1. Sort through Ser110, Ser84 and tell me the only one that's of a type in the set (Gly, Ala, Ser), surrounded by fewer than 16 Cβ atoms within 10 Å (Cβ to Cβ) and closer than 19 Å to Gly155 by Cβ.
2. Applying the selection to the range 113-131, what residues are among the acidic types (Asp, Glu) and either within 13 Å of Arg72 (Cα to Cα) or crowded, with 16+ Cβ neighbours inside 10 Å (or both)?
3. Look through Arg158, Arg135 and report the one residue that is at pLDDT 90 or above, closer than 30 Å to Arg27 by Cβ and either in contact with a Ser or Thr (Cβ under 8 Å, 6 or more places away or on another chain) or assigned to a loop (DSSP other than H, G, I, E, B) (or both).
4. Are any residues in the range 93-120 aromatic (Phe, Trp, Tyr) and in contact with a Phe, Trp or Tyr (Cβ under 7 Å, 6 or more places away or on another chain), and if so, which ones?
5. Within the range 115-124, track down each residue that is under 15 Å from Tyr104 (Cβ atoms), free of Cβ contacts under 8 Å to residues at least 40 places away in the same chain and of a type outside the set (Ser, Thr, Tyr).
6. Of all the helices (runs of 4 or more DSSP H) wholly in the range 16-128, which have at least 2 residues that are within 26 Å of Val144 (Cα to Cα), at pLDDT 75 or above and not small (Gly, Ala, Ser)?
Amino acid sequence: MNGLADLLVRLDVVEAADLIAAVKTTREQIADAGQDASVSVAIRSDGPAPTVPAEAIDCEARLPYCKAVCCRLRFALTVEEIESGPVKWDLGRPYYNRHGADGYCHRIDSETLGCTVYEERPLPCRQYSCAGDERIWKDFDAMVINQEWIDARLGAERTPIELFMDAA
């Protein structure tokens, strides 16, 4: 990050004083939100599959209600997925799945909300079942979405690296 900031100042893309002010403001916002400003790294190791397999859920019938909110969740990738998988990791949150400007996984089709790498998707996507996930549903059977949790925790906040990757 320091090298990128230095380059932006040297190329007169940003003023050094503006960059320092932005860093200060961002640190204050992070602290006020009770979050950690340091970069952490996570690598996933998988446990047992869920009791309701993902294929047992009629996602197509639920999409008008949930709008593929599961594709807005962040999860750590495994070493194998990092090295060979089609899902790229977020350089600002090693080694979590990357999201686009809309807050969704960068591999989602924004029109259909379908996965563009469905056959090669990571194991969390293969095993995830929204049945009983209180983050997603207030009432799974009645298809009542937990919009309050979603709005509070799944905003389109992006890391500086994700923003940079979109701009590049």
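1. Only one candidate passes the filter, namely Ser110.
2. none
3. So the residue among Arg158, Arg135 that is at pLDDT 90 or above, closer than 30 Å to Arg27 by Cβ and either in contact with a Ser or Thr (Cβ under 8 Å, 6 or more places away or on another chain) or assigned to a loop (DSSP other than H, G, I, E, B) (or both) is Arg135.
4. Those that are aromatic (Phe, Trp, Tyr) and in contact with a Phe, Trp or Tyr (Cβ under 7 Å, 6 or more places away or on another chain): Tyr95, Tyr96.
5. Val117, Arg121
6. Once the helices (runs of 4 or more DSSP H) in the range 16-128 are filtered for at least 2 residues that are within 26 Å of Val144 (Cα to Cα), at pLDDT 75 or above and not small (Gly, Ala, Ser), what remains is 59-66, 123-127.
The values are calculated or read from the model by the stated rules, or taken from the named source; none is laboratory data. Keep in mind it's a predicted model, so treat the numbers as computed, not measured. Ideal geometry is used to build each Cβ from the backbone, glycine not excepted, and the neighbour counts take in all protein chains shown.
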